[in-house]
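Below is one structure, written out as structure tokens; the observations come after it.
The values are calculated or read from the model by the stated rules, or taken from the named source; none is laboratory data. If you're wondering where the values come from, they're calculated on a predicted model, not measured in any experiment. Note: ideal-geometry Cβ built from the backbone for every residue, glycine included; neighbour counts use all protein chains shown. Ligands, DNA and RNA are excluded from the accessible area calculation, which covers all protein heavy atoms including side chains. Shrake-Rupley method; radii C 1.70, N 1.55, O 1.52, S 1.80 Å.
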Amino acid sequence: MRKVLYLLTVCTFFFSLTSQALASDLSLTTENTNIGAIVETQATEDFSSTLPSNIGPLSGGSGTVTYEFKEETPKTLQKKLLVKYLTESWAQASSYTWSKSNSTNLTFSGNVTGEVTDKIKIQFGLSGGFTTTYSVAITLPADSTKFSKLAYGSDFYTQNLSYVRSISYCTIYDGCHSSSDPRKYISYKEPTSTTYLYVVYK
């Protein structure tokens, strides 16, 4: 009888320890599962629901680009600047005759792109170019004792400018930012409608 009671006591104690261990393992497993689910859900919510509606990812070329232009020198008229020679070789000619059309174009020098030149044309109201046509052939006399060429020229407005390019952009990761490039210096030659045919001597 004593042996039976002893066995029952041992079994009851062992069952109690086993139940507590199982309960402990079950609570840990359930707790870990809940933490994993909360973290995953929270990360998704933070990414998708807290962004302002006007902010999107930055991709190539996105953002707002602005240009600030400055006149470094006054606009000046330069008269009878050479555009091109109309004859290739120096010659001892007594005259030159010309009847083909000629053209002049707005030109830029310095660190400038097509995007910048387009904005300068608009902001400063610059002429893109002119074409001179001749209804009849024009003959110019020349000194045959000297070497000469026939030339085409035009009056041009010239000016030095500078500009700063700035960009503002937003990303979904760290909000909105703006930055500016170093100031760049350029100049332009704007043709006028006054053009010339003339003889140049060597």
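For region 134-165, what are the residues that are touching a residue at least 60 places away in the same chain (Cβ under 8 Å) and more than 19 Å from Phe124 (Cβ to Cβ)?
Lys149, Leu150, Ala151, Tyr152, Gly153
Where residues in region 69-93 are within 31 Å of the chain's Cα centre (by Cα) and open to solvent by less than 80 Å² (accessible area, probe 1.4 Å), which of them is farthest from Lys184 (Cα to Cα)?
Per the criteria, the residue is Thr76.
What are the pairs, 6+ residues apart or on separate chains, where a residue within region 112-131 that is in contact (Cβ under 8 Å) with a residue 12 or more places away in the chain has its Cβ under 8 Å from a residue that is of a type in the set (Gly, Ala, Ser) and surrounded by 12 or more Cβ atoms within 10 Å (Cβ to Cβ)?
Gly129/Ser103; Phe130/Ser103; Phe130/Ser154; Thr131/Ser103
Test each condition in (1) more than 29 Å from Ser178 (Cα to Cα); (2) open to solvent by less than 60 Å² (accessible area, probe 1.4 Å) for Gly114 and report the one that comes out false.
(1)
What are the residue pairs meeting all of these: first residue in region 174-187, first residue over 25 Å from Asn111 (Cα atoms), second residue open to solvent by less than 80 Å² (accessible area, probe 1.4 Å) and part of a loop (DSSP other than H, G, I, E, B), Cβ atoms under 6 Å, and 6 or more apart or on different chains?
none
Name the single residue that is farthest from Phe147 (Cα to Cα) among those in region 94-105 being outside any strand (DSSP E or B) and open to solvent by less than 90 Å² (accessible area, probe 1.4 Å).
Applying the filter and picking the extreme gives Ser101.
Being loosely packed, with under 15 Cβ neighbours inside 10 Å and either touching a strand residue (DSSP E or B) at 6+ places or on another chain (Cβ under 7 Å) or without any contact (Cβ under 8 Å) to a residue 24 or more places away in the chain (or both) is the requirement here; does Pro191 meet it?
Taking the combined requirement at face value, the residue does not satisfy it.
So, in region 122-145, of the ones that are more than 22 Å from Tyr157 (Cβ to Cβ) and either among the basic types (Lys, Arg) or in a strand (DSSP E or B) (or both), which residue ends up most open to solvent (accessible area, probe 1.4 Å)?
For region 122-145, the residue satisfying everything is Pro141.
Looking only at region 166-176, decide whether some residue is surrounded by 12 or more Cβ atoms within 10 Å (Cβ to Cβ), outside any strand (DSSP E or B) and of a type in the set (Asp, Glu).
So far as region 166-176 goes, no, none of its residues is surrounded by 12 or more Cβ atoms within 10 Å (Cβ to Cβ), outside any strand (DSSP E or B) and of a type in the set (Asp, Glu).
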